[in-house]
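Read the structure below first, then the notes.
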Amino acid sequence: MGVKGKGQQKSDETTRERILRHAINRFSIQSYETTGLREIASDAGVDVALVHRSFGSKAQLFAECIEACIQTDELLVHPEAGTITHLCQQSLLPRAEGEMRPIDIILRSFSSSEASGIIRDIATANVIEPLAAIAGPGREVNVVMSLAAMFGFTIMRDVIGIELLKKTSPEEISRYFNEINQVLKVS
């Protein structure tokens, strides 16, 4: 998801969309706890009162950021057989310097009790339940375990910075994901 930098505004973008774009940017580089509405308002070039009027609260703004990021991923908007495999493959793609991805919001804020509740509810409704429906009855845990493996890999590589995972070829990691998904009977 390409997020424009501070001061770069699309001509057809509403003020609410601009606030949301800057909030996504902030939550992608800072934790939920350390991100303030005043910072987001300043980034968007608006008064903090307008952020409150537009979104109600920091929690509601954060929820809309998570939902907006899910909506930018075609795999999650229209899940089908093979979606989990494709998500795993996406997580293997190397990052460009400074590149932000929708997963960054989750990775930066999952340790916050308030943010984790929001993430859990949105992930359950918008990711886990649709993918479990495609995988078939009784496969909900399989889907969650496969997603957990993908998130765990991403946390270990991108947040903690485990060198071994950074050096391991995407093909080798992909084989591990494929094996996990075969054992779990999800794709």
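For the range 45-90: of the residues being of a type in the set (Val, Ile, Thr) and in a loop (DSSP other than H, G, I, E, B), which is nearest to ILE134 (Cα to Cα)?
Per the criteria, the residue is THR72.
For every residue, the table says whether it meets (1) loosely packed, with under 15 Cβ neighbours inside 10 Å; (2) within 26 Å of LEU61 (Cβ to Cβ); (3) among the acidic types (Asp, Glu); (4) at pLDDT 85 or above.
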{"residue": "THR85", "(1), (2), (3), (4)": "no, no, no, no"}
{"residue": "GLN89", "(1), (2), (3), (4)": "no, no, no, no"}
{"residue": "GLU97", "(1), (2), (3), (4)": "yes, no, yes, no"}
{"residue": "ARG108", "(1), (2), (3), (4)": "no, yes, no, yes"}
{"residue": "SER111", "(1), (2), (3), (4)": "yes, yes, no, yes"}
{"residue": "ILE118", "(1), (2), (3), (4)": "no, yes, no, yes"}
{"residue": "GLU129", "(1), (2), (3), (4)": "yes, yes, yes, yes"}
{"residue": "ALA133", "(1), (2), (3), (4)": "yes, no, no, yes"}
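Quickly run through the range 150-171 and pick out the residues that are under 13 Å from SER91 (Cα atoms) and surrounded by fewer than 11 Cβ atoms within 10 Å (Cβ to Cβ).
Result: GLY152, SER169, GLU171.
Just to be sure before I move on: is ARG175 without any contact (Cβ under 8 Å) to a residue 40 or more places away in the chain, over 30 Å from ALA59 (Cβ atoms) and more than 20 Å from the chain's Cα centre (by Cα) in the structure I sent? Let's see the steps before the verdict.
Details: without any contact (Cβ under 8 Å) to a residue 40 or more places away in the chain: yes; over 30 Å from ALA59 (Cβ atoms): yes; more than 20 Å from the chain's Cα centre (by Cα): yes.
When the stated conditions are applied, ARG175 passes them.
Tally up the residues in the range 162-187 that are outside any helix (DSSP H, G or I) and modelled with pLDDT under 90, please. Show your work before the answer.
Taking the range 162-187 as the starting set, the residues that turn out to be outside any helix (DSSP H, G or I) are 162, 168-169, 185-187.
This time we only want the ones that are modelled with pLDDT under 90, so: 185-187.
Within the range 162-187, residues that are outside any helix (DSSP H, G or I) and modelled with pLDDT under 90 number 3.
With the checklist (1) crowded, with 16+ Cβ neighbours inside 10 Å; (2) under 14 Å from CYS88 (Cβ atoms) in hand, flag the one item ARG175 doesn't pass.
Here ARG175 meets the rest and fails (1).
Yes or no: the range 2-16 includes at least one residue that is part of a helix (DSSP H, G or I) and among the acidic types (Asp, Glu).
If we filter the range 2-16 for residues that are part of a helix (DSSP H, G or I), which is where we start, we get 15-16.
From what's left, among the acidic types (Asp, Glu): none.
No: the range 2-16 contains no residue that is part of a helix (DSSP H, G or I) and among the acidic types (Asp, Glu).
The values are calculated or read from the model by the stated rules, or taken from the named source; none is laboratory data. Remember, predicted model here, so these are calculated numbers, not experimental data. Backbone-built Cβ (ideal geometry, glycine too); neighbour counts: all protein chains shown.
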